[in-house]
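The values are calculated or read from the model by the stated rules, or taken from the named source; none is laboratory data. Treat the numbers as computed from the prediction; the structure is a model and nothing was measured. Positions of Cβ are backbone-derived with ideal geometry, glycine not excepted, and every protein chain shown enters the neighbour counts.
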Amino acid sequence: MSTLITKRDERTQPVRVVAGYAQTQVRNPREPLVSRPPTLSELTGPMDVAGRVRLLGGDIAGHGERQAIGQLMHLKLRVVDEDGAPVAGAVVEIWQANAAGRYIHPNDDDHAPPDPNFYGAARLLTDASGAFELRTVKPGAYPVPDSGGWWRPPHIHFSLFGKVWLSRLVTQMYFPGEPLNEQDRILNAVPDAAARERLVARFAPPTGEPRNALVFEHRIVLRGRAATPAQH
């Protein structure tokens, strides 16, 4: 992940303030940005993120009596740079709602029930080919409070860390064929249709393996014209 600072592409990145999504008004600066050259404090450390955090493995669906409720999924993802070269050794954090559309978080007190067998978070490391895999359950849709009937479609959050503090991408992955995708205010905050499509996973036809799991494939591209849009 490069530390080169490039001008934000307003066409392929989400609009700063999303209509009907109050949180975006407080997440964005109200004054013009001030550009200054990065110093060593921003361009150095943590040089080995994987050595500073605990990896949580790639299975959050569980097994047997401790298996989470929901549709089993096997996700195959790959992280590459703008030239298609694999990004090895990147720490990836993942979090999602359970099959009923509820997060394991004290601020989520929605109507949906929690699943005692589903924590909903993982931390993985990309291998030499930039790949990582996750066994999980498909997250449910959920209503956004005080939004006038807006429901978020099933999605999974990803946070990717580079080798310096300025190298981080937070994004989301959506599922193909979901009717709520068309009206999601966060997904559709990305003006360019092709850029929005880069946020949607590809369904892989079932082959029986992994056992009893739907398979989805997805690619996260860092920087460049085909970069995966940020999604907070």
Do we have TYR142 as aromatic (Phe, Trp, Tyr), within 25 Å of ASN181 (Cβ to Cβ) and out of contact with any helix residue (DSSP H, G or I) (no Cβ under 6 Å at 6 or more places or on another chain) here? yes
Out of the residues in the stretch 88-112 meeting the condition of being buried (at least 19 other Cβ atoms within 10 Å of the Cβ) and among the β-branched types (Val, Ile, Thr), tell me which one is nearest to the chain's Cα centre (by Cα). ILE94
Tell me, yes or no, whether the stretch 210-224 has at least one residue that is surrounded by 14 or more Cβ atoms within 10 Å (Cβ to Cβ) and touching a helix residue (DSSP H, G or I) at 6+ places or on another chain (Cβ under 8 Å). no
Considering every residue within the stretch 196-205, establish whether at least one is modelled with pLDDT under 95 and either within 23 Å of ASN28 (Cα to Cα) or charged (D, E, K, R) (or both). no
Does ILE220 meet the test of being modelled with pLDDT of 95 or more, of a type in the set (A, V, I, L, M, F, W, C) and closer than 24 Å to ALA22 by Cβ? no
In the stretch 207-232, which residues are outside any strand (DSSP E or B), over 21 Å from VAL92 (Cα atoms) and in contact (Cβ under 8 Å) with a residue 12 or more places away in the chain? PRO210, ASN212, ALA213, ARG225
All but one of (1) at pLDDT 85 or above; (2) assigned to a loop (DSSP other than H, G, I, E, B); (3) of a type in the set (D, E, K, R); (4) loosely packed, with under 11 Cβ neighbours inside 10 Å hold for GLU65; state the number of the condition that does not hold. (2)
Those strands (runs of 3 or more DSSP E) lying entirely in the stretch 120-206 with at least 1 residues crowded, with 20+ Cβ neighbours inside 10 Å: 121-125, 131-137, 155-161, 168-174
